[in-house]
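Just so it is clear, none of the values below were taken in a lab; they were calculated from the coordinates. Treat the numbers as computed from the prediction; the structure is a model and nothing was measured. Cβ: placed from backbone, ideal geometry, glycine included. Neighbour counts: every protein chain shown.
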Amino acid sequence: MQAVIPIDPADPEGATVTLDESHFEVLGDRGDVVVIQFHTLTESIDWFEDFELMYCERQPGSDIIRVVRLVTDEELRKYRIPLWMQGEEVPECCGRPKFFVGQIDDDDLCREPPQGATVWWHDLARFYVFTCPYCPEVKAVGQQF
């Protein structure tokens with residue numbers, strides 16, 4: 001796969017830079033829409049930073065994607081892309097990976113431990129919810145810094 005990046009996002013048909021998949025990771029691929037994260041960029045790209053998530057459109061009938069803009073929070077939910085804190089940790093069920101439903105960040109939860117708790121989440125925490133499409137099994141995975 002190759003990513004075509006406009007040097008000036010205001011002129012998407014102007015000059016571009018093309019980087020192969022050794023420069024980025026595909027986080028979500030829905031056919032015509034691909035969400036990627038670059039881990040190395042060239043100096044000529046200055047309108048976004050390494051490790052930002054980018055919304056891309058696949059060129060019809062090819063493995064070429066065109067970087068359009070930063071992905072929105074709504075698109076992350078729509079395309080079911082978890083923002084892992086520590087590393088991918090997808091549980092399995094019925095012999096297959098579960099599907100990501102959504103994530104809950106600790107700032108959306110009660111931060112105070114329940115009375116009598118001897119262990120509780122500290123610093124930043126995020127909870128990832130998964131479900132099995134073949135049975136009613138649901139699982140949450142917690143990660144923290």
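So how much slack lies between GLU112 and VAL129, counting 0.36 nm per residue of separation and subtracting their Cα-Cα distance, in nm?
Numbers: separation 17, 0.36 × 17 = 6.12 nm, distance 2.12 nm.
Contour length minus Cα-Cα distance gives 4.0 nm.
For the chain, with only Lys/Arg (+1) and Asp/Glu (-1) charged at the beta-carbon, what is the dipole magnitude about the Cα centre, in debye rounded to 20?
Numbers: 12 positive and 28 negative charges, 159 e Å.
Here the chain has a charge dipole of around 760 debye.
Please work out whether the range 2-78 counts as rounded, prolate or oblate from its C-alpha gyration tensor, where a ≥ b ≥ c are the square roots of the eigenvalues and a/c under 1.5 means rounded, while otherwise a/b larger than b/c means prolate and anything else oblate? Can you show the working numbers first?
Details: a/c = 1.38, a/b = 1.22, b/c = 1.13.
Rounded.
Just in the range 51-99: which chymotrypsin sites (Phe, Trp or Tyr not before Pro) are loop by DSSP and have at most 13 other Cβ atoms within 10 Å?
PHE51
Taking neighbour Cβ counts within 10 Å as the exposure measure, how do MET85, MET54 sort from fewest upward?
Details: MET85 17, MET54 20.
The most exposed by this proxy come first: MET85, MET54.
Post the alpha-carbon centroid distance, the range 77-145 to the range 1-40, in whole angstrom.
Cα centroid to Cα centroid, the span is 29 Å.
If the chain between HIS39 and GLU137 were fully stretched, how many nm would it gain, using 0.36 nm times the residue separation less the Cα-Cα distance?
Full-extension gain reported as 31.8 nm.
DSSP loop GluC sites (Glu not before Pro) in the range 1-94 with at most 10 other Cβ atoms within 10 Å of their Cβ, which ones?
GLU13, GLU43, GLU49, GLU88
Starting from the range 1-109, pick out the trypsin sites (Lys or Arg not before Pro) whose DSSP state is loop and whose Cβ has at most 16 other Cβ atoms within 10 Å.
When the trypsin sites (Lys or Arg not before Pro) of the range 1-109 are filtered for loop state and at most 16 Cβ neighbours within 10 Å, ARG30, ARG80 remain.
Stretched out fully, how many nm does the piece from ILE7 to GLU75 gain, at 0.36 nm a residue minus the Cα gap?
That works out to 22.1 nm of additional length.
PRE reach from HIS122 (point 7 Å along Cα→Cβ): which of the range 70-90 fall under 17 Å by backbone N?
Taking a point 7 Å out along Cα→Cβ of HIS122, no residue of the range 70-90 has its backbone N under 17 Å.
Calculated from the structure, P(r) over Cα pairs in 10 Å bins from 0, in percent equals which of (1) 10, 32, 30, 19, 7, 2, 0; (2) 10, 27, 19, 10, 8, 7, 6, 6, 4, 2, 0; (3) 12, 45, 36, 7, 0?
(1)
For every helix of n ≥ 4 consecutive DSSP H residues, a contribution of -39,500 (n - 2.57) applies; sum these over the chain, divide by its total residues, and give [θ] at 222 nm rounded to the nearest 500 deg cm²/dmol.
After summing the helix terms and dividing by residue count, I get -1000 deg cm²/dmol.
In a shell of Cβ-Cβ distance under 14 Å around GLU43, excluding GLU43 itself, what net charge do Lys and Arg (+1) and Asp and Glu (-1) give?
Working: positive: none; negative: ASP46, GLU49, ASP50.
Every neighbour counted, the sum reads -3.
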